[in-house]
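Read the figures in this text as sums done on the coordinates, not as results from a lab. Quick caveat, the model's predicted, so the values are computed rather than measured. Quick reminder, even Gly has a Cβ in these numbers, built from the backbone with ideal geometry, and neighbours come from all protein chains shown.
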Ligand SMILES: C[S@@+](CC[C@H](N)C(=O)[O-])C[C@H]1O[C@@H](n2cnc3c(N)ncnc32)[C@H](O)[C@@H]1O
């Protein structure tokens, strides 16, 4: 089992850690379920889904033998999938309980991954170490400028940073914060999306805005394959409604010039310049 390391945590990190320790305790049943490799088989099949599109991109990168880092790996889904693709995978998370689940799954699946307990804002890896770095649903939990500085430090010059995150343009956020949405629409939507389940939202998390994206891509080449997802899906309609999800994605493709105002998720990759 991974031992919890002693490192000084910020107040925000302490709250994230406490939340995810409890979350991991509620998810130990994952160890009894089969691990899903679906997304590696035909990733282009679900062209409307950002996660599948990320794997469409990753499988084309030919990761065999490449040194890949998974930022804030949680229960290790991406770490295991990338190891299966032949990458040399390093993965870290703030929460040792989540890492214990990830490590047990990797052992069970016969995969080698180097898991570490650390915070994204202060990485223990050496400079210029990774060919590819994946940040999926993690940057909205961290101090972005500090984490990005560290990610760029540990990436090789010309290395790839692949980002797949919840997002909302700051103008759209103003609509989201209106009384109508806050008091009327949002509670109804939460019931539809989550049913009786408690939403998985930590106290400090916030969707990335266009300003965060600017901070991430600063000094790097223009993002490759920048794509926007989830206009109404996951906001008003759950993503299990497949036909609706396809229409939603088609709408964002057709409305490309304003998709950055409408979308609720962004996926892109950049080449790290040093
Ligand atoms: C929404 S989960 C995403 C996990 C994984 N990336 C995935 O997509 O399944 C967010 C993860 O971020 C971790 N986390 C929160 N703050 C962190 C920090 N400052 N440094 C590293 N990990 C952090 C949490 O422990 C949790 O595992």
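Any idea how far apart residue 153 and residue 170 come out in nm if each label point goes 7 Å out from Cα toward Cβ?
Simple spin-label model gives 2.7 nm for this pair.
Rank the residues 7, 35 as a footprinting-exposure proxy: fewest other Cβ atoms within 10 Å of their Cβ go first. Walk me through the intermediate numbers first.
Numbers: 7 12, 35 17.
Fewest to most other Cβ atoms nearby, the residues stand as 7, 35.
So what is the calculated 222 nm ellipticity per residue for the chain, using -39500 (n - 2.57) for each DSSP H run with n of 4 or more, over all residues, to the nearest 500 deg cm²/dmol? Don't skip to the end; give the middle numbers.
Details: 11 runs with 103 residues, N = 274.
That comes out to -11000 deg cm²/dmol.
Which whole-angstrom value gives the distance between the alpha carbon centres of the stretch 56-71 and the stretch 152-220?
Cα centroid of the stretch 56-71 versus Cα centroid of the stretch 152-220: 24 Å apart.
Give me the mean projected area, in nm² to one decimal, of the convex hull enclosing the Cα positions of the stretch 122-171.
On the way: hull surface 15.4 nm².
For the Cα atoms of the stretch 122-171, the hull's average projected area reads 3.8 nm².
What nm distance separates the two modelled labels at residue 10 and residue 184, each placed 7 Å from Cα along Cα→Cβ?
3.8
Which whole-number percent is the relative contact order of the stretch 19-177 (Cα, under 8 Å, 6+ apart)? Let's see the in-between values first.
Values: 248 pairs, mean separation 31.6, N = 159.
Rounded, it is 20 percent for the stretch 19-177.
So how much slack lies between residue 243 and residue 177, counting 0.36 nm per residue of separation and subtracting their Cα-Cα distance, in nm?
Numbers: separation 66, 0.36 × 66 = 23.76 nm, distance 2.86 nm.
Here the answer is 20.9 nm.
Give me the percent of DSSP beta bridges within the stretch 118-274 that run antiparallel, rounded to the nearest 5. Walk me through the numbers before you get to the answer.
On the way: 12 of 20 bridges.
Of all bridge pairs located within the stretch 118-274, approximately 60 percent are antiparallel.
Could you tell me what percent of the DSSP beta bridges with both partners in the chain are antiparallel, to the nearest 5? Spell out each step's value before the answer.
Numbers: 12 of 33 bridges.
Antiparallel bridges make up about 35 percent of those DSSP assigns within the chain.
In terms of the Cα gyration tensor, with a ≥ b ≥ c the square roots of its eigenvalues, is the stretch 1-110 rounded because a/c is under 1.5, prolate because a/b exceeds b/c, or oblate?
Numbers: a/c = 1.80, a/b = 1.72, b/c = 1.05.
Prolate is the answer for the stretch 1-110, as a/c is 1.5 or above and a/b outweighs b/c.
For residue 36 and residue 108, compute 0.36 nm times the residue count separating them, minus their Cα-Cα distance, and round to one decimal in nm.
24.6 nm
Let me have the relative contact order for the stretch 1-93, percent, based on Cα pairs under 8 Å that are six or more residues apart. Don't jump to the answer; show the numbers that get you there.
Values: 68 pairs, mean separation 17.7, N = 93.
Rounded, it is 19 percent for the stretch 1-93.
Compute the whole-percent fraction of alpha carbon pairs in the chain spaced more than 31 Å apart.
Details: 9356 of 37401 pairs.
Roughly 25 percent, rounded to a whole number.
What are the semi-axes of the equivalent ellipsoid for the stretch 164-254, taken as the square roots of 5 times the Cα gyration tensor eigenvalues, largest first, in whole Å?
Working: eigenvalues 123, 65, 32 Å².
Rounded to whole Å, the semi-axes are 25, 18, 13.
Please state the shape class of the stretch 98-230: rounded when a/c is under 1.5, otherwise prolate if a/b exceeds b/c and oblate if not, all from the C-alpha gyration tensor. Please report the intermediate quantities before stating the final value.
Numbers: a/c = 2.38, a/b = 1.38, b/c = 1.73.
Since a/c reaches 1.5 but b/c is at least a/b, the shape of the stretch 98-230 is classed as oblate.
Contact order normalised by length for the stretch 75-129, with contacts defined as Cα pairs under 8 Å and 6 or more residues apart; what percent is it? Don't skip to the end; give the middle numbers.
Working: 63 pairs, mean separation 21.7, N = 55.
40 percent.
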